[in-house]
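Read the structure below first, then the notes.
Just so it is clear, none of the values below were taken in a lab; they were calculated from the coordinates. For clarity, every value in this text was computed on a predicted model and none was experimentally measured. In this analysis, Cβ positions are derived from the backbone assuming ideal geometry, glycine residues included, and neighbour counts consider all displayed protein chains.
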Amino acid sequence: MGLPEKKQYYTYADYLTWDDDERWELIDGVPYAMASPSTTHQRICGELYGQLWQFLKGKPCEVFIAPYDVRLNATEEDDTVVQPDLLVVCDDAKIDDKGCNGAPDMVIEILSPSTAAHDRFRKFITYQNAGIREYWIVDPDSRTVQVHILENGRYFIKIYGETDKVPVHILEGCEINLSGVFPG
């Protein structure tokens with residue numbers, strides 16, 4: 001399993017001791033192994049990253065791509081460390097050499113068969129509770145994007161199809177053209 005010892009609850013301090021060759025997330029003290037992404041996943045991620053990077057060039061917000069640690073409580077005792085496929089951070093004070101300290105402004109997860117339930121349910125609740133203002137779930141199979149906007153502590157959803165232009169609500173004037181996102 002790659003974990004140094006078997007126990008029921010882990011923290012960020014434990015996470016730092018795990019094998020760097022394996023990818024893990026830690027949610028509420030429970031470790032979750034992460035599989036390598038597929039080629040389709042990588043193509044979608046690359047296109048989304050490219051469009052966001054191009055828009056953000058010269059602006060105060062920054063886009064990051066996995067693997068990149070996000071410590072949602074930002075302390076050594078933190079029990080939640082995630083590695084979203086993409087994230088946007090608009091507060092430079094949250095960035096250090098280890099990753100992001102606290103909630104990013106936006107997170108994008110690209111579904112795969114092994115992570116779909118994890119991303120749709122467990123991470124959805126985790127991100128909502130952490131106050132992440134915008135959470136996208138990209139579904140390569142249905143070629144859709146579910147955009148969750150945080151309002152009064154709850155996510156509200158809008159769904160977009162493969163030919164839509166999707167406004168990024170946290171970035172005024174930014175639109176992602178989905179016609180270039182889904183391969184084939």
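When only DSSP loop residues count, what chymotrypsin sites (Phe, Trp or Tyr not before Pro) in the stretch 27-77 have their Cβ near at most 16 other Cβ atoms within 10 Å? Provide the component values of the computation, followed by the final result.
Values: sites: Tyr32, Tyr49, Trp53, Phe55, Phe64, Tyr68; in loops: Tyr68.
Within the stretch 27-77, no chymotrypsin sites (Phe, Trp or Tyr not before Pro) qualify (loop, at most 16 other Cβ atoms within 10 Å).
Take the Cβ-Cβ distance between Glu175 and Glu22 as r, set R0 to 35 Å, and report the resulting FRET efficiency rounded to the nearest 0.05.
Numbers: r = 37 Å, r/R0 = 1.05.
According to the calculation, E is roughly 0.45.
Please name which of Leu52, Asn129, Gly180 has its Cα lying farthest along the dipole of the stretch 12-180 towards the positive end, using unit charges on Cβ (Lys, Arg +1; Asp, Glu -1) and the Cα centre as origin.
Final value for the positive-end residue is Gly180.
Sticking with the crude label model, points 7 Å out along Cα→Cβ, report the distance from Ala13 to Thr40 in nm, one decimal please.
Result for the modelled spin labels: 4.3 nm.
Would you mind finding the longest exposed-site-free stretch of the chain, with exposed GluC sites (Glu not before Pro) meaning DSSP loop and at most 14 other Cβ atoms within 10 Å?
Within the chain, the longest run free of exposed GluC sites (Glu not before Pro) spans 78-161.
Can you put Ile125, Ile132 in order, fewest other beta carbons within 10 Å first?
The fewest-first ordering by Cβ neighbours comes to Ile125, Ile132.
Once R0 is set to 25 Å, what does the formula 1/(1 + (r/R0)^6) return for the Cβ-Cβ distance between Ser142 and Tyr32, expressed as a FRET efficiency to the nearest 0.05?
For Ser142 and Tyr32, the calculated efficiency is 0.60.
Could you give the angle, 0 to 90 degrees to the nearest 10, between helix 39-56's Cα long axis and the longest principal axis of the Cα atoms of the chain?
70 degrees
Using the Cα gyration tensor of the stretch 29-152, with a ≥ b ≥ c the square roots of its eigenvalues, what is the shape: rounded (a/c below 1.5), prolate (a/b larger than b/c) or oblate (neither)?
The shape class here is rounded.
What value, in deg cm²/dmol to 500, does the helix sum -39500 (n - 2.57) over DSSP H runs of n ≥ 4 give at 222 nm once divided by the residues of the chain?
Numbers: 3 runs with 30 residues, N = 184.
Taken over the chain, the calculation gives -5000 deg cm²/dmol.
Between Glu77 and Ile159, how many nm apart are label points set 7 Å from Cα along the C-beta direction?
4.2 nm
Taking the Cα centroid of the stretch 50-94 and of the stretch 141-184, what is the distance between the two, rounded to the nearest whole Å?
So the separation of the two Cα centres works out to 18 Å.
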